[in-house]
Amino acid sequence: MLLEDLQDILKVSDFRNITAAATNLDMSTATASAAVKRVENALGVELFIRTTRRLRLSSAGERYIPQCEQALLMLDQAKQNMKDEQNIIDGELRIALSSDLGRNLVTPWLDEFMESYPEVSLRSNISDSNIDFYRDSVDIALRYGSPNDAHLYGFKICNVPRVLCATQNYLDKYGTPKHPHDLPSHNGLLLPTL
């Protein structure tokens, strides 16, 4: 049984599905399944009751998983304490960027960040879809506008200029807006605030 196996079974426990956990961990289903089997074999008990679609914790799993989670948190804290003493910044940073923001503004920042912290590995996801921090396994998301979820905390990191454009044909046909309050009555293609 490996330490990584314990981390894998915690993720399987979270998702109640080996395939979903494997996807989240960026590994094959067979690898995640093998980790579960190694832990169960080492303990001599089944931690999960398997059905055709989902897993659920067995009574042994209900006792073991919380204690396993606490033990891994203690190990992580001990490791972090050592890094803090040595001023080491490492690990994986998972960041989600909206497509326009990622391409046009943030990429140079990320390059500079990686030069400053070479021990950090970066996994970026550039997409305009909404982010589920639990499902998508994301540490930080950079988006235009304010978060629309009360459980998320957002803060401003920069000003992004907005530009209003129209063709002369459109203005001739529909008129030129005189004030921002006139804009809702016009047709427009607006950049979403995700």
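All of the numbers you see were taken from the coordinates with simple rules; none came from a lab. Nothing here was measured: the structure is a model prediction, and the numbers come from that model. Positions of Cβ are generated from backbone atoms using ideal geometry, with glycine treated the same way; all protein chains shown enter the neighbour counts.
Between 40, 85, 112, which gets the highest mean-square fluctuation from a Gaussian network model of the chain, Cα cutoff 10 Å?
85
Using alpha carbon centroids, what distance separates segment 44-58 and segment 112-133, in Å?
So the separation of the two Cα centres works out to 34 Å.
Sorting 23, 107 on the 10 Å Cβ count, fewest up front, what's the list? Don't skip to the answer; put the middle values down first.
Values: 23 17, 107 14.
With the sparsest Cβ surroundings first, the list reads 107, 23.
Set the Förster radius R0 to 45 Å, insert the Cβ-Cβ distance between residue 139 and residue 183 as r into 1/(1 + (r/R0)^6), and round the FRET efficiency to 0.05.
Values: r = 36 Å, r/R0 = 0.80.
Approximately 0.80, to the nearest 0.05.
In nm, what is the difference between 0.36 nm times the number of residues separating residue 19 and residue 124 and their Cα-Cα distance? Intermediate values should be presented prior to the final figure.
Numbers: separation 105, 0.36 × 105 = 37.80 nm, distance 2.18 nm.
Value of the extension gain: 35.6 nm.
So what is the calculated 222 nm ellipticity per residue for the chain, using -39500 (n - 2.57) for each DSSP H run with n of 4 or more, over all residues, to the nearest 500 deg cm²/dmol? List each step's numbers first, then the result.
Values: 7 runs with 84 residues, N = 194.
Estimated from H runs of four or more residues: -13500 deg cm²/dmol.
State the extension gain, in nm to one decimal, for the chain segment bounded by residue 30 and residue 42, taking 0.36 nm per residue of separation less the distance between their alpha-carbons. Walk me through the numbers before you get to the answer.
Numbers: separation 12, 0.36 × 12 = 4.32 nm, distance 1.82 nm.
2.5 nm is the gain from fully extending residue 30 to residue 42.
So between residue 56 and residue 151, what do we pick up on full extension, going 0.36 nm a residue minus the alpha carbon distance? Don't skip to the end; give the middle numbers.
Working: separation 95, 0.36 × 95 = 34.20 nm, distance 2.70 nm.
Using 0.36 nm per residue and subtracting the Cα-Cα distance, I get 31.5 nm.
Treating only the Cα positions of segment 3-85 as identical point scatterers, give the base-10 log of I(q)/I(0) from the Debye formula at each q in 0.13, 0.14 Å⁻¹.
At q = 0.13, 0.14 Å⁻¹ the computed log10 ratios are -0.41, -0.47.
List, in order, the whole-Hz ³J(HN,Hα) value for each residue of segment 118-127 obtained from phi through the Karplus relation with A = 6.51, B = -1.76, C = 1.60 and θ = phi - 60°; use x for Gly and Pro.
Using θ = phi - 60°, the values come out as x, 7, 8, 9, 10, 10, 10, 10, 9, 6 Hz.
Find how many whole Å separate the alpha carbon centroid of segment 59-87 from the alpha carbon centroid of segment 136-188.
43
Over the alpha-carbon set of the chain, work out the extent along each principal axis and list the three values in angstrom, largest first.
79, 47, 28
Lys/Arg Cβ at +1, Asp/Glu Cβ at -1, dipole of the chain taken about the Cα centre: which of 88, 169, 18 is farthest positive-ward?
The residue sitting farthest along the positive end of the dipole is 169.
Taking the chain as the reference, fit the longest principal axis to its C-alpha atoms, fit the long axis of helix 3-15 to the helix C-alpha atoms, and give the angle between the two in degrees, 0 to 90, nearest 10.
Orientation of helix 3-15: about 60 degrees from the principal axis.
How big is the dipole moment of segment 91-142 about its Cα centre under a simple scheme where the beta carbon of each Lys and Arg is +1, that of each Asp and Glu is -1, and everything else is neutral? Debye, nearest 20, please.
Working: 4 positive and 10 negative charges, 30 e Å.
The dipole magnitude comes to about 140 debye.
Mind telling me which of 70, 80, 168 comes out most flexible in a GNM of the chain, alpha-carbon contacts under 10 Å?
For the chain, modelled as a Gaussian network with Cα springs under 10 Å, the answer is 168.
About the Cα centre of the chain, what is the dipole size in debye to 20, counting +1 per Lys and Arg Cβ and -1 per Asp and Glu Cβ, all else neutral? Walk me through the numbers before you get to the answer.
Values: 20 positive and 26 negative charges, 164 e Å.
Dipole about the Cα centre, nearest 20: 780 debye.
How much FRET efficiency would the formula 1/(1 + (r/R0)^6) give for residue 94 and residue 174, where r is the Cβ-Cβ distance and R0 is 45 Å, rounded to 0.05?
Values: r = 44 Å, r/R0 = 0.99.
Computed FRET efficiency for residue 94 and residue 174: 0.50.
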